[in-house]
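These notes are about the structure you will find just below.
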Amino acid sequence: MKYALLLLAITTLTPAQDLGKQGEAVFSKSCATGYCHGARGTNGGAPRLAARGFDQEFIGGTVARGIPGTAMPAFATTLSRADLTAVVAYVASLNGIASPTIAGSGGPPVPAAAKLTADAARGRTLFSDAVRGFGRCSTCHEIGGLGIPVATPIAKVPADVAALKILATPQVSTATLGAESMPALVVSKKANAVIFYDLTTPPPVLRTEASASIQTRDGSTWRHASVISAYSDAELAAILTYLRAVVKL
């Protein structure tokens, strides 16, 4: 049976409130386990799901098929149709979708998984390879819901490995706090506080400091090459092949 039927085959007579309660219960039991996602879609061992801007098609496909090469399993064969539909609707609600599509409402089916070449598939695995520790790409980048969006979305894939190694990072500033100086990726500056990622060592540390105590200036000696040394050139080439296959420009 197709994944679309597994996810959407539920009567439209089911009250939305009951569907939401059922989805929350399934999520709490199957997903919010501490070492996976946190309660109500907060981050745990796995990334945060709430308020990420995911659409229902992406959520449905990910829940059904899982994410190969990660701890995210496929639930299409382990949950009932009703539970699958309910948990997809619940995660959709965490992303601001007030009326998740269910069977009979004319919503679109779950899209087929993207077909990747062997090299691109290898690049996808390398992108989030746990063996690399914090030296993996997904420590700072998110592609298709995989990884943590510390850096801004990838707007242009480097032409080759050499270009990747000399990639300019103008968004990285230098923050000074007393006698301490560090490369910083500023998230926000407010009247009373500056929120930024400290890039001194991986993984980046999210810090909040009083505006009066910290100074920031454009530019930094930090370079992207310093955090991709865990990969060989051949592995970086495979990752670039993967990015070209999935990044929407």
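Could you count how many residues in region 152-167 are under 24 Å from Phe196 (Cα atoms) and out of contact with any helix residue (DSSP H, G or I) (no Cβ under 8 Å at 6 or more places or on another chain)?
So the count comes out to 4.
Consider Ala179 carefully, then state whether it is over 18 Å from the mean Cα position of the chain (by Cα), surrounded by fewer than 19 Cβ atoms within 10 Å (Cβ to Cβ) and modelled with pLDDT of 90 or more. Steps first, please.
Values: over 18 Å from the mean Cα position of the chain (by Cα): yes; surrounded by fewer than 19 Cβ atoms within 10 Å (Cβ to Cβ): yes; modelled with pLDDT of 90 or more: yes.
For Ala179, the condition - over 18 Å from the mean Cα position of the chain (by Cα), surrounded by fewer than 19 Cβ atoms within 10 Å (Cβ to Cβ) and modelled with pLDDT of 90 or more - is met.
In the set Ile143, Ile214, which member is surrounded by 17 or more Cβ atoms within 10 Å (Cβ to Cβ) and over 26 Å from the mean Cα position of the chain (by Cα)? Full working, then the answer.
On the way: Ile143 fails: over 26 Å from the mean Cα position of the chain (by Cα).
After ruling out the rest, the residue left standing is Ile214.
Over 23 Å from the mean Cα position of the chain (by Cα) and either assigned to a strand (DSSP E or B) or at pLDDT 95 or above (or both): is that true of Ser188 in this structure? Lay out the reasoning, then the answer.
Working: over 23 Å from the mean Cα position of the chain (by Cα): no; either assigned to a strand (DSSP E or B) or at pLDDT 95 or above (or both): yes.
For Ser188, the condition - over 23 Å from the mean Cα position of the chain (by Cα) and either assigned to a strand (DSSP E or B) or at pLDDT 95 or above (or both) - is not met.
The values are calculated or read from the model by the stated rules, or taken from the named source; none is laboratory data. Computed from a predicted structure; not experimentally measured. Don't worry about glycine lacking a Cβ; one is built from the backbone with ideal geometry, like all the others, and counts go over all protein chains shown.
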